[in-house]
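Below: one structure, written as structure tokens.
Throughout, read-outs are computed from the coordinates displayed, never taken from laboratory work. Predicted model, so just to flag it, every value in this text is computed and none were measured. Every residue, glycine among them, receives a Cβ derived from its backbone with ideal geometry; neighbour counts consider all protein chains shown.
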Amino acid sequence: MTEREFRLIQTRRSFLTRGAGGIGMLALAELLQGSEGPPNPLAPKKPHFPARAKNVIFMFMEGGPSQMDLFDPKPGLAKWNGRPLPPSMTKGLQLAFIKPTAAVMASPRTFKPYGQSGIEFSDYIPHTASCADDICMVRSMYSEAFNHHPGQLLLMTGSTQFGRPTMGAWVTYGLGSESQNLPGFVVLSSGAGTSGGASNFMSGFLPSHYQGTMFRNSGDPILYLSNPGGVSNQTQRAGLDALRDLNQQRFEKTGDVEIASRIAAYELAFRMQMSAPELLDFSKESKQTLDMYGVGREPTNQFGTNCLLARRLVERGVRFVLMMHASWDDHTNLNKKLKRNCDISDQPAAALLKDLKRTGLLDSTLVIWGGEFGRTPMVEIRNTQDPENAGRDHHPLAYSMWVAGGGMKGGQVIGQTDELGLSIVEDKVHIHDLQATIMHCLGFDHERLTFRHMGRDYRLTDLGGSVVKKMLA
Amino acid sequence: MIRLWMLLGCVPFLHASVDFSKDVAPLLETRCQMCHGAKQQMSGLRLDQPDSALRVITPGSSAASKLIERVSSSKPGFRMPPVGAPLTEKEVATLKAWIDEGAKFPAAYNPGAAKLEHWSFLPIGHPAPPTVKNAAWVRNPIDAFILAKLESQGIAPSPEAPKLTLLRRVTLDLTGLPPTPEEVGAFLTDTRPDAYERVVDRLLQSRHYGERWARPWLDLAHYADSDGYEKDQVRPFAWRYRNWVINALNNDMPFTEFTIDQLAGDLLPHPTTAQLVATGFLRNTLTNREAGVDRAEARYEQLVNRVNTMSTTWLGLTVGCAQCHDHKYDPITNKEFYQFYAFFDAADETTIEAPLAGERERYEAALPHYLGQRGNILDYYNVPELQKEWENKLRFAIANPGKNLEWDFSITSMRAMVDGAEKLLKTDPSKRSPRDQRRLTDYFLSTPGPDIGHQPEIRDRLREAYGKIMALEAELPPLTLAMAMEPEPDYHGSITRIKGDYKAMGVPVQPGGLHILPPLPGNGKPTRLELAQSLVAPNNPLTPRVTVNRAWQELFGRGIVRTSEDFGTTGEKPSHPQLLDWLATRFIEDGWSMKKLHRLIVTSATYRQSSDTRPELLSKDPDNSLLARQTRLRLPAELIRDATLSASGLLDARIGGPSVMPPQPAGVAELGYGGSKWKESKGSDRYRRGLYIHFQRTTPYPQLINFDAPDSNVACSRRRASNTPLQSLNLLNDPVFFEAAQSLAARVLRARRGSFAERLDYAFDLTLGRKADAKERERLARYYDQQLGILDREGYTIAKLAPSDSGLDQRELAAWVGVSRVLLNLDEFITKE
């Protein structure tokens, strides 16, 4: 849909409302019920072809998790441990902070195969590993951006330039939302702030309905969700009734259909106020479920709560859940910091996969886990007098992400990196390819889901991307 | 017409004759010829040349034509065009019909040449206002143009809006604030025939005029108070530029001067401080201080942003496409893009001393003492020597990358954090400006590098010294700075890039203009100054049109050219081309005066029409492009805040000054990297106009974003007016808006001691600037009684709704808080009707 088509729908809407015998209560009632499209821009829409996935949960691991300490075992590094690689092997390598001549650091982690598929995982993530047969591990991801913010923009918007719509916004724009009471695109966060901040869930030049709504960890879960002090629900409702009637009267006088939309927006706002407490109320979840997610105990409580919320959001028809966890940017102290993040997230992430599978939602829910890039096989020591301080630099040229459910084929590894994990030797998957594949699972030809802006058609995958067929079930 | 067909949902019946230039040529040009045309001939095919086109077209038989097979295929990869949406059924039908009729190309068909004749590149005409039948309706020549077109379609204009609607509209349009009850009263009793014009003249003299009209300009400049990107550091002096814009508009600075100061104030002979501050326009680009960022890439992106911002703002052209390749739709070459780029490549960022009134004297009086003390501290801690060593190591690291990781990291971070770091290090200390030398020393003290980092004793002593210096600094009277531009003295030329990749060097290029515009002065070596002058030269066909169109857009909700950011071939055509040219000519004749332009438009009969929709127009003019009525428009984010604060009596209407940080919920600012940079403003600064709210790029103030304020990363030429539930929650529940409702309630009860009806009159005056009608009175009275009942049942909520120290009846006040909330949430309240 182009902006012009979007406007046309709005205009047609006003025509239909008034063409049929003036400005009627009937037409308004119809709008409020959202019965007949297309007045509600978030009404569910059909994709280009039948889809496997209806919803997406993206566990965005900000900062660049170290793939060779988690997903991509590189025993070959041992041979070079502590020594720089010969220049012939690092020719043309561009890194953010360190020079290609830095010494190699072998992973101190141990790996072993899991499940029938035998995919190898490191000892830091046993829970995720136990889902091996549901996971499609992509060891051959790559990106052009070797700094955080551009990298995150590329991952989320398909471009390193600021101002494009994010993946969640594109998906909501394409599919609308199934939920009558909640936003279509919800954002959950844990850990520290991310480099990209709100630019990871902005709608860019798409209409603002498609922007991600941040569920907050403290205070109101949605900004300004609760009534101000002294305003009871009864007062709120009585005030909204008066507001609706006065707005309705103005609508009849001016004939401006925007007033009808505003009435509808206030009603949805009220429904959000009423339904959010139920969403956030975990009292009906079993103790077993809460334990599985690690809710109510450290260090898993926040991440586990978000994972459980993600399931509950998807159950209630929310289209796209973005979970942001920061930060995996371990330039220093890699061992300790990586362990900490794994302790926080491993069990809850696995619990989410298992729970989605148990409830049958995994078939229609695409789960994505990963960051904007990976980390180098070479060591980054900022303090040379403290070797314990060792970390790894940004490495966008070869890294790992995993996906599960929603039409992806679990229990398989896609792609292969060289023996040092420096570059990809088989089945390269660019960020745009991953995006194209995600859109495919949702029923979209990524080249056809476009929006016209500043004189050209834009899409999530910018000018690239092809569907990675091997990843599909 | 096509739009109307779509609107009615029926496919147009294709008559025996298809109009090639109207139906077929635009389709071929926009969807096929970018790859199969003059610029590119994929597979050797050209659809702009009949001989070549016949390879895929069989005249008389669409069924046998490969063109139709490819465009109607459902097979991705085979279907043409390969990118963008497939051709619609109607478009395919048009092509079929044209082929079946013989696929005739007009003899003179030459689409490449047509682009130079694109309407907006042609000289501005001097059309005379047309004659109209209903001459009595015409108040000024604008109306003649509008009415002539309406009459040709058999449509009558709408009646003039009710007096009070008009007052609220024009007050919002010229000052961004709703009229006060006193202004409402005065206008109602003024029966002179020119009462309205008198109001307009009063509003144009208001100092709030500059605030109102600064905002759309700041959208184009994409003003913000922080760097953007990961670190998103605060820019404490960005507001100097905003102040400059407000003042320039209030003084009705001619748009020519307004332009030249902002793009090239630093190149004027003996520029004033104000002229240097004006170049802050170019400083609104983002700065990426992430330590690992390649400085060359960061600079490239900034320069590209400057080119794009300038082109959108003055020329209404999306030259950005030409960053990577020749523009596919507009006649702008890749080389020309880099000619523009070169103008900005020849400039550097700088920070200037731009003291406010009185600051310089106080500062200079205190400076000797400060410098003496500072010198003592530095000497005591042996800083000069340590710093010298540190600088040597840094210079060595710059010259020998890869030798020492820790020093490499130091230099990378320093490049990101200290503007012009490398240049500064390479300058002999005796030749550095005192301010630069202090800047460098302060950075050294805060970040003394790895060697000292490993010597805790020295490190701690330096930290101590830094603390003392900062304490001393805090006592120095402020000398306000400003972000500005300066010419780069060593500039010799620029290099184009291939496919927009900053690392892929193309060919050398010098500053230069676009071939579609009049040639630049400057003997073949034009500077930014000549570029700026050429933008506002009377023979520039774009700038005057683009500028008057934006004013029109602000006052009618849409421009005469709806795509106000794109006057190129993919933009929409003007709805009233002659009016646009007439306005542009008049604007130039009026000395490029913005105030005269605004006065002209708001005193027209066209502007003064009612905005009520007319059912009979829905099919004739669904999107009101003929302007047979005014348009109801939701207020922009800032003005919703302003109207609310103004009605409630909370507004602090002071003009200008540093940005403010009104309360926002905890957790919003913390979302950004490095935690919150939000320091809540004290006192009445909390109630300043929305224009002054600190704009932190990665974590903007929620109310601004909820109501479609642009993200300030690129030039924004027109805002969207969305309508979302988050907006409803914002107005209902945000403590800022709730406080306003409480304040409005108290204001009403204090001012009117009588009946509910009397009080409601005053509340309507304050919020909507009109009287309530009987139905509204009845409904609100009913709600008021209902609310009293709820309060009596709940009891406990009264104290929370109504402060006890107001001296008013708390129960009444609590119920009135409810009524105030309803009024402040009305669609009409946040709308300009």
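List of remarks:
- Report note on the peptides B:397-405, B:712-720: ranked by the mean count of other C-beta atoms within 10 Å, highest first, their order is B:712-720, B:397-405.
- For B:Lys335, a cut-off of 19 angstrom between C-alpha atoms picks up these lysines, skipping any fewer than 8 places away in its own chain: B:Lys39, B:Lys115, B:Lys499, B:Lys503, B:Lys525.
- Which of B:Asp442, A:Asp346, B:Asp379 has the fewest Cβ neighbours within 10 Å, and the rest in rising order: B:Asp379, B:Asp442, A:Asp346
- Inter-site label distance for A:Thr289 and B:Leu367 at 7 Å from Cα along Cβ, in nm: 7.0 nm
- Look at the stretch B:617-630: the mean tally of other chain Cβ atoms within 10 Å of its residues' Cβ atoms is 2.
- The percentage of C-alpha pairs in the protein assembly as shown whose separation is greater than 41 Å is 52%.
- Inter-chain neighbour count for A:204-210: the average number of beta-carbon atoms from partner chains within 10 Å of each residue's beta-carbon is 4.
- Among B:Asp765, B:Asp773, B:Asp23, a tally of other beta-carbon atoms within 10 Å of each Cβ gives an order, fewest to most, of B:Asp773, B:Asp23, B:Asp765.
- Projected label distance in nm at B:Lys335 and A:Leu280, using a 7 Å step from Cα toward the beta-carbon: 6.2 nm
- Residue-averaged beta-carbon neighbours from other chains (10 angstrom radius) around B:790-803: 3
- Straight-line reach from B:Lys800: taking Cα to Cα under 12 Å and skipping same-chain neighbours fewer than 8 places apart, the aspartates and glutamates in range are B:Glu739.
- Sorted by Cβ density within 10 Å, fewest first, the residues B:Arg629, B:Arg654, A:Arg164, B:Arg432: B:Arg654, B:Arg432, B:Arg629, A:Arg164
- Value of [θ]222 nm, deg cm²/dmol, for chain A, DSSP H segments ≥ 4, -39500 (n - 2.57) each, nearest 500: -10500 deg cm²/dmol
- When each of the peptides B:582-592, A:320-330, B:45-55, B:516-526 is scored by the mean number of other C-beta atoms lying within 10 Å of its residues, the order from highest to lowest reads A:320-330, B:582-592, B:45-55, B:516-526.
- Neighbours of A:Trp80, meaning other residues whose beta-carbon lies under 13 angstrom from its beta-carbon, give a summed charge of +1 when Lys and Arg score +1 and Asp and Glu score -1.
- Scoring A:256-266, B:275-285 by mean Cβ neighbours within 10 Å over their residues and listing the highest first yields B:275-285, A:256-266.
- Helices in chain A that qualify as membrane-span-like (whole DSSP H runs, Cα extent of at least 27 Å along the helix axis, mean Kyte-Doolittle hydropathy of -0.5 or higher) are A:257-280.
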